[in-house]
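Worksheet for the structure shown next.
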Amino acid sequence: MKHLLVTGGSGDLGSVLCERALAAGWTVTTTYLSHPEKVRAGTPVYCNLTDPEAVRRLIEESAPDVIV
């Protein structure tokens, strides 16, 4: 199964992308910064994308096939 990492999954575009990817059979990990309650689909993970070390850890731990 393919794994998708979506940055900003609590936003309008990210939410729709996560829902559609799950419906298509992908596993989805999605990031949020301040509104985890707005993540509608996928596994939410806190990540401050301005922190390079946090982003590196996220990519290593989630091992996505695709990042959006």
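Remarks
- Computed over segment 13-52, the convex hull of the alpha-carbon atoms projects to a mean area of 3.0 nm².
- The accessible area of V68, taken with all protein chains in place and a 1.4 Å probe, comes to roughly 80 Å².
- Here the chain is assigned +1 on the Cβ of each Lys and Arg and -1 on the Cβ of each Asp and Glu. Its dipole about the Cα centre then comes out at about 160 debye.
- Here the contact order of the chain, divided by its residue count and restricted to Cα pairs under 8 Å and six or more residues apart, works out to 38 percent.
- Net length gained if the chain between H35 and L22 were fully extended (0.36 nm per residue, minus Cα distance): 2.6 nm
- Accessible heavy-atom area order of H3, H35, highest first, probe of 1.4 Å: H35, H3
- Helix-only arithmetic for the chain: the sum of -39500 (n - 2.57) across DSSP H runs with n ≥ 4, divided by the residue total, places the mean residue ellipticity at 222 nm at -10500 deg cm²/dmol.
- Normalising by residue count, the chain has a Cα convex hull of 70 Å³ per residue.
The values are calculated or read from the model by the stated rules, or taken from the named source; none is laboratory data. Not measured: the values here are computed from a predicted model. Cβ atoms come from the backbone with ideal geometry, glycine included; neighbour counts cover every protein chain shown. SASA here: full protein model, heavy atoms, side chains in, ligands and nucleic acids out. Shrake-Rupley method; radii C 1.70, N 1.55, O 1.52, S 1.80 Å.
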